[in-house]
Amino acid sequence: MLDTLIIGGGISGLTVAHAAGMGKRPGKCELWEACDRVGGTIGTDRVEGYSVDWGPNGFLDREPLTLKLVDELGLREALEPANPLSEKRFIAKNGRLHPVPFSPAKMVKTALLGPLGKARVFCEPLVPGRRGDGDESVFDFAARRIGRAAAETFVDPMVSGVFGGVARELSLPSCFPIMREMETRYGGLVKAMIARGFEKRRAGAPKKKGGPAGPAGRLTSLQTGLDLLIQRLEQELAPVIRKGRRIARITRNDDFWEVADDSGTVVQAGKLVIACPTYAAAGMLQDFDSELADAFEAIPYAPIIVVATGHRREDVTHPLDGFGFLVPRTQGMRTLGSIWTSSIFAARAPEGYVQFRSMLGGAGDPAVLELSDDQLWETLRRELDPLIGIRNDPTFIRIYRWEKGIPQFKLGHRERRARLERLVARHPGLFITGNAYYGVGLNDCVKMARRVASQLDSRN
Ligand SMILES: Cc1cc2nc3c(=O)[nH]c(=O)nc-3n(C[C@H](O)[C@H](O)[C@H](O)COP(=O)(O)OP(=O)(O)OC[C@H]3O[C@@H](n4cnc5c(N)ncnc54)[C@H](O)[C@@H]3O)c2cc1C
């Protein structure tokens, strides 16, 4: 009989185990992971001198709890901030890449919007704040505040890039709670930025760059790849990690949980932390509590495919002087965006070569999963070539297919989450954590996992 069992060994489950000090309590705690490796969507391949991340390629260095985790794992020295030159970002429009206009002066000059679209952006401070706490899509919010053209050009591709989602379907207060707060508290985005600047100066805080989505943070990874984080967590937690244990069924007796994997191995535990994707949790709980299973199932996921390619530098004509580019849906392309990985982190490609990670699919194009590897590369090549000029075949190509890649916080997500939490609370000793509830980023996962770890000590 265990004290605690964690289901799922992605960053969420591993962080709970780490924060609760489980590595020192073998026999009392275990973490069961379905695959023969831990890390979930975090992984790094080493291919012909390239270091290739499977899913996430970094986190913003603005979350103290992630930096605390990095420190506790002795990885502070290994942190690798993005090259400052990669702050420049591009948007593809009409067959060309245009820099994102981050200042009013650049907004005046950009070819991404026509005169009316620009004028509408500058009217943002005059748009009255929306009353009430009702849900609103990210797209409707943006169209209301900065106009439809700017919403289609800037916000729609940003939502595809971060969530693999469709801006018209996703919930603003769930995906970008800070933006909602900026409107309700200050009356608008520009007003909020000005007011916050004053507040910070009054408080004597150092001046930091930031956008409407929140305080600035610098994209940061670890030298050699993000999987270093997972390797360290695995080393520390080795005594309690059990790989290849795909949980099939959860039941509860009067005082404890009984959990069985698909080979029939059974374990009993006083506390259970579900840190796997919600669709997996739904399957495990169907026989025990079908209402709870349905509540897990109600959170949808979007597919996303990452195509990582390496190229000789001279085979690409674009200067690659930035982070990469995103593609608005209006452009009719299947590529959601392409990250110039070796412009952001130079050591991700050997000298004289470059690495790209391009994304396809998302909630708006699930049929992309049907494309073969060759078709994926043909599609990409056709769409990338006019934008950045690709002369020859890539030196390597790796394709990572995430069939259910990123949870979608669709309209009504707050209610779905609240219902789920109510149903979970009916069961003593049951906890949930992961990317499907409060945020999909690594920082969000670490924050929620630490909160759950502290509840494990204090509740039940
Ligand atoms: C392509 C892509 C790019 C991304 N880029 C970024 C980025 O740049 N920055 C960022 O901050 N975030 C990014 N994210 C999001 C971030 O990577 C994830 O939200 C985060 O890694 C999720 O961690 P998790 O532990 O909650 O879930 P997961 O990583 O999904 O881990 C869940 C674990 O549960 C296991 N499991 C499933 N079923 C069972 C079962 N039946 N029994 C036991 N175990 C089970 C799985 O095998 C898996 O290991 C990206 C995501 C994707 C897909």
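Below are the figures for this structure:
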{"item": "Radius 9 Å from Cβ of Gly361, net charge of other residues (Lys, Arg +1; Asp, Glu -1)", "result": "+1"}
{"item": "Fewest-first ranking of Thr278, Thr330, Thr15, using other Cβ atoms within 10 Å as the exposure measure", "result": "Thr330, Thr278, Thr15"}
{"item": "Inter-site label distance for Gln223 and His318 at 7 Å from Cα along Cβ, in nm", "result": "2.9"}
{"item": "Listed pairs Lys93/Lys191; Lys28/Lys447; Lys106/Lys200; Lys28/Lys271; Lys243/Lys447 exceeding 19 Å between Cα atoms", "result": "Lys93/Lys191; Lys28/Lys447; Lys106/Lys200; Lys243/Lys447"}
{"item": "Inter-site label distance for Ala248 and Ser372 at 7 Å from Cα along Cβ, in nm", "result": "3.5"}
{"item": "Region 113-216: relative contact order as a whole-number percent, Cα under 8 Å and 6+ apart", "result": "26"}
{"item": "Virtual paramagnetic centre 7 Å along Cα→Cβ of Glu291, amide N under 14 Å, in region 400-421", "result": "419-421"}
{"item": "Linear extension gain, Asp262 paired with Lys68, 0.36 nm per residue minus alpha-carbon span", "result": "66.2 nm"}
{"item": "Fewest-first sequence of Phe102, Phe256, Phe176 by Cβ atoms within 10 Å of each Cβ", "result": "Phe102, Phe256, Phe176"}
{"item": "Chain lengthening between Lys109 and Lys88 when straightened (0.36 nm per residue, less Cα-Cα)", "result": "6.0 nm"}
{"item": "q = 0.06, 0.08 Å⁻¹, the chain: log10 I(q)/I(0) [Debye, one scatterer per Cα]", "result": "-0.27, -0.49"}
{"item": "Rounded to the nearest 20 debye, dipole of the chain from Cβ charges on Lys, Arg, Asp, Glu", "result": "2100"}
{"item": "In nm, spacing of pseudo-spin labels at Ala119 and Thr330 (7 Å Cα→C-beta vector)", "result": "1.7"}
{"item": "Computed over the chain: relative contact order in percent, which uses C-alpha pairs under 8 Å that are six or more apart", "result": "25"}
{"item": "Length gained when the stretch Arg422-Arg148 is fully extended (0.36 nm per residue, less Cα-Cα span)", "result": "94.9 nm"}
{"item": "Those chymotrypsin sites (Phe, Trp or Tyr not before Pro) in region 275-337 that DSSP places in a loop and that have at most 16 other beta carbons within 10 Å", "result": "Phe288"}
{"item": "Net charge, Glu63 excluded, C-beta distance under 11 Å - Lys, Arg +1, Asp, Glu -1", "result": "+2"}
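Bear in mind that the values in this text are calculations on the coordinates, not laboratory data. Remember, predicted model here, so these are calculated numbers, not experimental data. When we count neighbours, we look across all protein chains shown, and the Cβ atoms used for this are built from the backbone with ideal geometry, even at glycine.
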